[in-house]
1. Of all residues in the range 36-67, how many are outside any loop (DSSP other than H, G, I, E, B) and among the aromatic types (F, W, Y)?
2. Of everything in the range 42-87 that's crowded, with 18+ Cβ neighbours inside 10 Å and not hydrophobic (A, V, I, L, M, F, W, C), which residue is modelled with the lowest pLDDT?
3. For the range 59-109, give me each residue that is out of contact with any helix residue (DSSP H, G or I) (no Cβ under 9 Å at 6 or more places or on another chain) and closer than 17 Å to V26 by Cα.
4. Restricting the first residue to the range 137-160 and requiring it to be part of a helix (DSSP H, G or I), which pairs with a second residue that is modelled with pLDDT under 70 and of a type in the set (A, V, I, L, M, F, W, C) meet a Cβ separation below 6 Å and a spacing of at least six or different chains?
5. Scan the range 139-154 residue by residue and report those that are surrounded by fewer than 11 Cβ atoms within 10 Å (Cβ to Cβ) and modelled with pLDDT of 70 or more.
6. Among the residues of the range 1-56, write down those that are hydroxyl-bearing (S, T, Y) and within 23 Å of I83 (Cβ to Cβ).
Amino acid sequence: MNQESNDNVMQEKKKKARLLVLGSIVAFIIAISPYIFYLYESFPQEQTWETWLFTFRSTYYPTLYMAAWNFMNKFVPLLLLIIWFFTCKHWWYHVILIPISMFIFQLFSSLNDDAQFVDEFEIYYIIPVMMIVIPIVYLIRLKLFDKLVHGIDLDKIDKELKEYEEKEKGI
């Protein structure tokens, strides 16, 4: 029994240590997010960037600097929204998927060299996401509202309905 309680204490300590490390990583990423955003300033004001590893050419944007600026304008908010989604403890956290999907579509359209209209039609692409997320969040809200405000326990009602059906079948 003593060894078992020691194992439980050790597992709890390991779990707390993992959560502390994970929380520290998340806090660090949030803290350096302005620096991540300003990485675009390291890109050249030219259309082609040649290094010993690669050659990168911007065909849509006039300069790589502008391409990197546009990318970071989409990437950093997306990164912060994803962190918020995975760390949020509120019942409505699924709604965060809507702006996440918007930034994902904007990010991909900004990377697409063939795109003629950037940040104009992405709102139409997130309608399917909204059609899934909004009803789910609304149903969660209804259940919580019924339980917390009206004191209605839906599980208790379902149990009573099953008992009533069994009585009806028995008669």
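1. Total meeting the criteria: 6.
2. Among them, the one singled out is S58.
3. K89
4. D146/I152
5. Within the range 139-154, L139 is the sole residue that qualifies.
6. S24, S33, Y35, Y38, Y40
The values are calculated or read from the model by the stated rules, or taken from the named source; none is laboratory data. Quantities reported herein were computed from a predicted structural model and do not represent experimental measurements. Heads up, the Cβs are rebuilt from the backbone with ideal geometry, glycines too, and the neighbour counts pull from every protein chain shown.
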